[in-house]
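S.K.: What follows is a single structure, and I will ask about it in a moment.
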């Protein structure tokens, strides 16, 4: 499976639970960080989640390196004092992942599962970051950890399916999608993931069916519109693709890939100035897209130069 097309099956964790040692400001910061993430303000979200970590964690600046006994004792205290520290690390990692900072995301997920070893979403999200880094083997290990902790964790099967597909295990992948749907038959995200897999394995009709089922289940699910846009783009329908990418961005303004691929659709329509604007917006959100976007910009310039001759 293409890493750029890989499904980010991520949900911001709520900061609910015990108030142990946490000032009210931490709760307010967490809520604001979640709202900023939803608006596409990833830097603002990261700033707020960092502030929550500072407020809720017992760790001090200048703490020993990982592996030192003092470091381990400090994390043990944090585990007891306020489990929401782990949630803040988890959510900051999610925001970093959305910006394309895969290494920073993995580091935050490491902290989250160190503080809360049974945090199923921590292993899932770290697996997703590793998968996007190209470390499919390590990703599979984390998906397996998540499923051992919760065998009914439907999204864990989806993540493992994506990794299996990347390794060429198509049968294993679709068996995992089927199990995820058995466990969560009305989860729009599972249909979207299987739709992406069908699209990438050449089953356009099946992909369309899954994307549209996801839309029926959740009309506000941005990824379903993004996936259908990719399907239309692959069929050369620039106008239809651009419309779906625009809908996805209306629902989720920080979706860098939607900007990037709307730029491709606009190129097909000959709207090069608008395409360049979308490419630059995508790059402003996710620096990991730089090589792909620079290739698109170079191609666009070549086409413009050829048209002027």
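S.K.: Provide 222, 25, 288, 57 in ascending order of the number of other Cβ atoms located within 10 Å of each residue's Cβ, fewest first.
M.R.: 25, 288, 222, 57
S.K.: Something else now. For region 223-309, rounded, prolate or oblate, judged on the Cα gyration tensor with a ≥ b ≥ c (square roots of eigenvalues), a/c < 1.5 rounded, else prolate if a/b > b/c?
M.R.: Working: a/c = 2.19, a/b = 1.34, b/c = 1.63.
Since a/c reaches 1.5 but b/c is at least a/b, the shape of region 223-309 is classed as oblate.
S.K.: I've got another one for you. Rounded to the nearest 0.05, what FRET efficiency is calculated for residue 31 and residue 148 with R0 set to 25 Å and r the Cβ-Cβ distance?
M.R.: 0.20
S.K.: Continuing with the same structure: Using 0.36 nm per residue of separation minus the Cα-Cα distance, give me the extension gain between residue 271 and residue 291 in nm, one decimal. Provide the component values of the computation, followed by the final result.
M.R.: Values: separation 20, 0.36 × 20 = 7.20 nm, distance 2.14 nm.
Difference between extended and current length: 5.1 nm.
S.K.: Related question: If we count other beta carbons within 10 Å of each Cβ, what is the order of 109, 174, fewest first?
M.R.: The order, fewest Cβ neighbours first, is 174, 109.
S.K.: Only Cα pairs under 8 Å and at least 6 apart count here; give the relative contact order of region 223-309 as a rounded whole percent.
M.R.: Normalised by residue count, the contact order of region 223-309 is 21 percent.
S.K.: Give, in nm to one decimal, the length gained when the segment between residue 220 and residue 299 is fully stretched (0.36 nm per residue of separation minus the Cα-Cα distance).
M.R.: Extra length from residue 220 to residue 299 when fully extended: 25.1 nm.
S.K.: What is region 104-209 by shape, rounded, prolate or oblate, if you read a ≥ b ≥ c off the alpha carbon gyration tensor as root eigenvalues and call it rounded for a/c under 1.5, prolate for a/b larger than b/c, and oblate otherwise?
M.R.: prolate
S.K.: Distance between the C-alpha centers of region 92-108 and region 245-259? Whole Å please.
M.R.: Between the Cα centres of region 92-108 and region 245-259 lies a distance of 19 Å.
S.K.: Go ahead and collect, in residue order, the members of region 261-294 whose backbone nitrogen is under 17 Å from a label point 7 Å along the Cα-Cβ direction of residue 239.
M.R.: 265-272
S.K.: Still on this structure, I have one more. How would 90, 297 line up from fewest to most surrounding beta-carbon atoms within 10 angstrom?
M.R.: On the way: 90 29, 297 18.
Ordered by Cβ neighbours within 10 Å, fewest first: 297, 90.
S.K.: Same structure again: Between residue 167 and residue 246, what's the calculated FRET efficiency when r is the beta-carbon distance and R0 is 35 Å? Round to 0.05.
M.R.: 0.55
S.K.: Per 0.36 nm of contour for each residue apart, how much would the distance between residue 103 and residue 43 grow if the chain were fully extended, relative to their Cα-Cα spacing? Please report the intermediate quantities before stating the final value.
M.R.: Details: separation 60, 0.36 × 60 = 21.60 nm, distance 1.62 nm.
Once the chain is fully extended between residue 103 and residue 43, it gains 20.0 nm.
S.K.: With the cut-off at 1.5 for a/c, could you classify region 151-309 from its C-alpha gyration tensor as rounded, prolate or oblate? The partial results should precede the final answer.
M.R.: Working: a/c = 2.21, a/b = 2.01, b/c = 1.10.
Since a/c reaches 1.5 and a/b is larger than b/c, the shape of region 151-309 is classed as prolate.
S.K.: Please sort 252-261, 142-151 by packing, taking for each peptide the average over its residues of neighbouring beta carbons within 10 angstrom, highest first.
M.R.: In descending order of packing, they fall as 252-261, 142-151.
Read-outs throughout are calculated quantities, based only on the coordinates presented, and are distinct from any laboratory measurement. Bear in mind the structure is a predicted one, so any value in this text is a computation, not a measurement. Glycine also receives a Cβ, built like all others from the backbone with ideal geometry; neighbour counts cover every protein chain displayed.
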